[in-house]
Structure formats: structure tokens, C-alpha cells
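Engineer: Below you will find the structure I want to go over with you.
The values are calculated or read from the model by the stated rules, or taken from the named source; none is laboratory data. Just so it is clear, the model here is predicted, and its values are computed rather than measured. Reconstructed Cβ throughout: ideal geometry from the backbone, glycine too, with neighbour counts over all protein chains shown. For accessibility, only protein heavy atoms count, side chains too; no ligands or nucleic acids. Shrake-Rupley method; radii C 1.70, N 1.55, O 1.52, S 1.80 Å.
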Amino acid sequence: MVYECIVIGAGIQGSFTAYHLAKNNKNTLLLEQFVLPHSRGSSHGQTRIIRKAYEEDFYTHMMEESYELWAQLEKEAGLKLYRRTGLLLMGPENGKDFQLIKSSVQRNKVPTVVLERQEFSQHIPNVNLTSGDAAIVETTAGVLYADRALRAAQMVFQSHGGVIKDGEKVINIEPGDLITVTTDSGTYQAKNLVITAGPWAKTLLSHTGLQLPLQVLRINVCYWKEKVPGSYSISNRFPCFIQMKPKEAEHDIYGLPSNEYPGLMKVCYHMGSETEPDERDRQTDRRDVDALSSYITRCFPGLVPVPAVVESCMYTVTPDNNFVLDRHPTYSNIVIGAGFSGHGFKFAPVVGKVLCDLSMGQNPSYELSPFSIHRFQGNAN
Ligand SMILES: Cc1cc2nc3c(=O)[nH]c(=O)nc-3n(C[C@H](O)[C@H](O)[C@H](O)COP(=O)(O)OP(=O)(O)OC[C@H]3O[C@@H](n4cnc5c(N)ncnc54)[C@H](O)[C@@H]3O)c2cc1C
Ligand SMILES: O=C(O)[C@@H]1CCCCN1
């Protein structure tokens, strides 16, 4: 049997691509190397931040549609996938990045509230605002229930006739008018192929002769105990937060209110150490945890500054932190979604739609130049 499309990788991006393809009546096979559900890639875990606040207008614009598509999936699956909490953004008042994001939310009319220093602790108790920092709150931001969302997208895909084969690792791809995909237990053919292999994209793309400058990072996902249970909890309306330019570290620190593990708040570092995806657990660098402990001691005095739970996840980052959403430069019936650089979950419904459009030969409704493979020319490694 020849499929209209094969999607490799059942993380959130591949699952949403398959979802849109099946809803467009395309006979689609979704292949996944691990038995589902699994926690070896980038889409597992309880929660992710959803927000519209971005420096770049194109991300904010994509999020308009993404919110609608998340709501649609909630309806189709009969599940709650999004919870509004707001997002607290803190950063050096006169810093370039903070100013860029502040002017972007104003320009794009993203609902936000500016918190003046004197009223900060009244709105955000148990947090010390760093001197020289300013704070804004994006009110419609919140939390996505990640594991549940992944299952929901896969469920709706299957309900539209889509086929998932998990526990099957793709070991070869032969391009052509009909593409042949070989796994460790079978061979499949399709007119179109979408590769959404997360941290394994680089390896998989090498079967098609393409080198992309993707770097895989292991992230320590840390949970911290509340000294007084509930003080940073979702039910007490504590928001998600992003701390730009913390004093303790080079990259952002971010957090989500306590919810999934009662009494524990997730606070992580937006950076990690390079790893091979299959060697993730050999990477034991904990310098980020030390920086987080110092930050928490200074700014979140209501948390015990020693992590109570540490889980692992991976980022696949591009040099400019923008995604790759494009056709293969040599084989136009192969479409690639990769390099989501630690911020792709919230976009998955739109990413899936774009990859589906590309693979059906249609023009996506977004300008894709920020996501082109072409931008790396001369830069591949
Ligand atoms: C700690 C952490 C925090 C994050 N926070 C946020 C956030 O707050 N907000 C946000 O929007 N985003 C966030 N992200 C980013 C987001 O989670 C990722 O961008 C997204 O999950 C990437 O999905 P993916 O489908 O590309 O990759 P994956 O989920 O890794 O999916 C790729 C799949 O392909 C499969 N695969 C690979 N090779 C093969 C093969 N040869 N054969 C078959 N299958 C194969 C893999 O097993 C895997 O299941 C975060 C990520 C991490 C790690
Ligand atoms: O995508 C996000 O919204 C977050 C911001 C902080 C770092 C991790 N990703």
C-alpha cells in the first residue's frame, strides 16, 4: 500500500502534522521509534508555557491562530489542555531584550499589564524583583498540559483514519517520486514524507544527504519545594514567569506555578549541555542547578533552594533559535520540521498546519523566510 504521506516522529510537531493531514483526508502513517507514550525526546512532561509575548512579530502572529487551534483540539478531544495563569516577564528595565519584547506586545496589542515596582509585591507575593528590573504581565498566557495534548492530537489523528506505528525506528530513507522508508521491522512507501524527528533530526536527515546546524542540549527540569504549600500554586493564581538576564547566569530562567506535583514549582534554566540524543543520561552537568539555587535563594525566598525532583528533556537548537520549516532543498516531496530551540510546543498546531500545507503542495499562510534552510547556507556543520 502506498501512503499519501509518512510522518517520521510522533512528538508534538509530527503528531500535529499528522492530525492536519488526516483531517485533509490524506492517508497518513505516523512512525515513532519508541513505544508510546515515552519520555526520551522533547515533548514529554506535564506542562509547557503558552504565550504571545515575543520580540519577533511573526511569532506573535502565529500564536493568534495557535490559540484557536488549541481550543479546537480541546473541543475535539473533550479535554482541558490550556489553563490561563498569566506570564510574568522580568528583566533589566533598560536592557535591549526587555525593551524589544515590551514594545512588541504593545505594537501587537497583546493583553499586558505593566507592574510598577511599588505595587509589585502586592500583585506577586513571595518574589523579589531585582533592582534595576522592570516587570510586565501578559494576562492571556498560561500553561499547556503537554502529555495530555500529545495524546489528544494522536487520538484525533487516529479517529480520522490515521495510522500510528510505534516502536519502529526508521533506519533508511530512499528519496524518489515514491519515497521508501525502512524501519527496523518493515518497509513503507509514500508520495510525501515529513521529518519531525526532534533531537534525532540531524541523524535522520543525513540519510537524505542534508546537513543542518542543529545542536542538541540536555535540560535539567527542576522542581523546587514550597516552604509554605500553595504559595506559588496555580490555584492561588501564581503566574508562569520568565526572568531575562538573571544575575546568576547568562541565559533566561523560567518557571511554572506549582500544579502537577503538589507543593513543587518548576523552575529551569533555558540552556543545557550538549549531548547525543541516545546518550542523554550520561550527561550529568549540574552547573545550571547551582545557578538556579542561587537565583531562587535571592528571588524566590519561599522555595527550598535544593531541587526536589530533576527530570530530563532535550532542546534541538538552531544558530538563531528560529525553527526550520521547509522543503528539502533537493527533494521537494520531503518536508522538514526541526530545530524548535526550546520554544516550539505552543506553536505545534500551527507548525503542523504549515508542514501539512507544504507537503500537500499548498502555500502556507505564513511568510516562511525566518524558517528557511537557505539561511544556513555556508553555515552547515
Ligand atoms: C525542558 C523543556 C522546556 C520547554 N518549555 C517550553 C515551553 O514552555 N513552551 C514551549 O512552547 N515549548 C517549550 N519547549 C519546547 C518544546 O517542548 C519542543 O519544541 C517540542 O516538544 C519539540 O517537539 P518535536 O516534535 O520537534 O520533538 P520530539 O518531541 O523529540 O519528537 C520527535 C520524535 O521523533 C522520534 N524519532 C526520532 N528519530 C526517529 C526515527 N529514526 N524513527 C522513528 N521515530 C523517530 C522521537 O522518538 C520523538 O518521539 C520545552 C522543551 C524542553 C525540553
Ligand atoms: O517557550 C517558552 O515560552 C519557554 C520560555 C522559557 C524557556 C523555555 N521555553
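Engineer: Grab the DSSP H runs of the chain that are 4 residues or longer, score each as -39,500 (n - 2.57), total them, divide by all residues and round the 222 nm result to the nearest 500 deg cm²/dmol.
Structural biologist: Estimated from H runs of four or more residues: -8000 deg cm²/dmol.
Engineer: Continuing with the same structure: Could you state how much accessible area I136 has, in square angstrom rounded to the nearest 10, with a 1.4 Å probe and all protein chains kept in place?
Structural biologist: In the full protein context, I136 sits at about 10 Å².
Engineer: Also, quick follow-up: Along the Cα-to-C-beta direction of N25, a point sits 7 Å from the Cα; which residues of segment 182-196 have their amide N less than 20 Å from that point?
Structural biologist: Taking a point 7 Å out along Cα→Cβ of N25, the residues of segment 182-196 whose backbone N falls under 20 Å are 191-192.
Engineer: Could I ask something else about it? If I model a spin label at T180 and D147 as a point 7 Å from the Cα along the Cα→Cβ vector, what separation in nanometres do I get?
Structural biologist: Label at T180, label at D147, 4.0 nm between them.
Engineer: What do you get for the angle between helix 12-23 and the principal long axis of the chain? Use alpha-carbon atoms, 0 to 90 degrees, nearest ten.
Structural biologist: Value to nearest ten degrees: 50.
Engineer: Give the angle, between 0 and 90 degrees and rounded to the nearest 10, that separates the Cα long axis of helix 57-77 from the longest principal axis of the Cα atoms of the chain.
Structural biologist: That works out to roughly 80 degrees.
Engineer: Something else: Net charge near S104: determine it from the other residues with C-beta under 12 Å of the C-beta of S104, scoring Lys and Arg +1 and Asp and Glu -1.
Structural biologist: Summing Lys/Arg as +1 and Asp/Glu as -1 gives 0.
Engineer: What size of dipole, in debye to the nearest 20, comes out for segment 23-110 about its Cα centre when the only charges are +1 on Lys and Arg C-beta atoms and -1 on Asp and Glu C-beta atoms?
Structural biologist: In total the dipole reaches around 240 debye.
Engineer: Let me ask something additional. Taking all protein chains as present, what is the carbon and sulfur share of the accessible area of the chain, in % to the nearest whole number, probe 1.4 Å?
Structural biologist: The value for the chain is 48 percent carbon and sulfur by accessible area.
Engineer: What does the charge count near A338 come to, summing +1 for each Lys or Arg and -1 for each Asp or Glu among other residues with Cβ under 10 Å from its Cβ?
Structural biologist: Here the charged neighbours net out to 0.
Engineer: To test your reading of the geometry: what angle, between 0 and 90 degrees and rounded to tens, separates the Cα axis of helix 146-159 from the longest principal axis of the chain?
Structural biologist: It is inclined by approximately 30 degrees.
Engineer: Name all residues of segment 310-331 having a backbone nitrogen under 19 Å from the label point set 7 Å from the Cα of E279 along its Cα→Cβ direction, giving them as ranges.
Structural biologist: Hits in segment 310-331 for E279 at 19 Å: 312-317.
Engineer: Would you please classify the overall shape of segment 342-381 from the alpha carbon gyration tensor, given that a ≥ b ≥ c denote the square roots of the eigenvalues, rounded means a/c under 1.5, and beyond that prolate means a/b larger than b/c while oblate covers the rest?
Structural biologist: Verdict is oblate for segment 342-381.
Engineer: Place a +1 charge on the Cβ of each Lys and Arg in segment 222-381 and a -1 charge on the Cβ of each Asp and Glu, then give the dipole magnitude about the Cα centre in debye, rounded to the nearest 20.
Structural biologist: 520
Engineer: Taking a 1.4 Å probe, which of K96, K75, K266 shows the most accessible area, and what order do the others take after it?
Structural biologist: Largest to smallest exposure gives the sequence K75, K96, K266.
Engineer: Enumerate the amide H contacts of E93 below 5 Å, restricted to partners 5 or more residues apart or on another chain; note that Pro and chain-start residues carry no placed amide H.
Structural biologist: Amide H to amide H, under 5 Å and 5 or more residues apart or across chains, E93 pairs with D133, A134.
Engineer: Further question: Listed here are the pairs K109/K202; K102/K245; K26/K75; K52/K169; K202/K266; which of them are more than 26 Å apart at the Cα?
Structural biologist: K109/K202; K52/K169; K202/K266
Engineer: Okay, next question. Compute, for the chain, the length of the dipole vector about the Cα centre, with Cβ point charges of +1 (Lys, Arg) and -1 (Asp, Glu) only. Units Debye, rounded to 20.
Structural biologist: Computed charge dipole of the chain: roughly 720 debye.
Engineer: Please report the net charge: other residues with Cβ closer than 13 Å to the Cβ of H251, K and R +1, D and E -1.
Structural biologist: So the environment of H251 carries a net charge of -2.
Engineer: Which residues does the label zone of T139 cover in segment 89-121, counting backbone N under 19 Å from a point 7 Å along Cα→Cβ?
Structural biologist: 89-90, 102-117, 119-121
Engineer: To the nearest 10 square angstrom, what accessible area does M360 show with a 1.4 Å probe?
Structural biologist: 50
Engineer: Stokes-Einstein D for segment 210-338 at 10 °C, 1.306 mPa s, Kirkwood Rh over Cα pairs, in µm²/s?
Structural biologist: 97
Engineer: Could you work out the mean projected area of the convex hull around the alpha carbons of the chain, in square nanometres to one decimal?
Structural biologist: It is 17.9 nm².
Engineer: Using protein chains only and a probe of 1.4 angstrom, how many square angstrom of C240 are accessible, to the nearest 10?
Structural biologist: For C240, the solvent-accessible surface is approximately 0 Å².
Engineer: Whole number in Å², please: accessible area per residue of the chain, 1.4 Å probe, ligands, DNA and RNA not counted.
Structural biologist: That works out to 42 Å² per residue.
Engineer: Right, next: Which residue, chosen from T297, G342, Q377, occupies the Cα position most advanced towards the positive end of the dipole of the chain, where the dipole is computed from +1 (Lys, Arg) and -1 (Asp, Glu) charges on Cβ about the Cα centre?
Structural biologist: T297
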